[in-house]
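This report concerns only the one structure given below.
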Amino acid sequence: MRVTLNRQVYSDLESIMEYYMLAAGSQTAASFYQEFRLCRRIIAERPRSFPVVRNDIRKINLHRFPYHILYQIIDEEFARILIVKHDHRDPAFGAERR
């Protein structure tokens, strides 16, 4: 399955990686991005393996970082990542993204 990103996900990733660059260094920021890419690949391989958290939105947790990805299966060929956000962020944040 092909996985696309909502255009705002780029901003999410940029903010998160900037934070890790400043707080913990470039290696940690690179590790975060590597884990994001791994989750994206897992979504592509097994899109229906993760729980639906509301309507048709599914959630996959990053393992080493306190973040999760919300995504939507569009059809049999496409899934779209809607948001990457911190686990303690307001659950309503990003709910309008499609």
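Along its principal axes, the range 18-72 has C-alpha extents of 36, 21, 14 angstrom, given from the largest down. Each peptide in 24-30, 80-86, 40-46 receives the mean, over its residues, of other Cβ atoms within 10 Å, and ordering these scores from highest gives 80-86, 40-46, 24-30. Calculated mean residue ellipticity, 222 nm, the chain: -13000 deg cm²/dmol, from DSSP H runs (n ≥ 4) at -39500 (n - 2.57) each, averaged per residue and rounded to 500. 3J(HN,Hα) couplings calculated from phi for the range 48-65 with the Karplus curve 6.51 cos²θ - 1.76 cosθ + 1.60 (θ = phi - 60°) are, in sequence order, 8, 7, 10, x, 7, 9, 6, 6, 10, 8, 10, 10, 10, 8, 6, 8, 8, 10 Hz; Gly and Pro show x.
None of the figures in this text is laboratory data; all of them are computed from the coordinates on show. Small disclaimer: the values here were computed from a predicted structure and weren't measured. For neighbour counting, all protein chains shown are included, and Cβ atoms are generated from backbone atoms with ideal geometry for every residue, glycine included.
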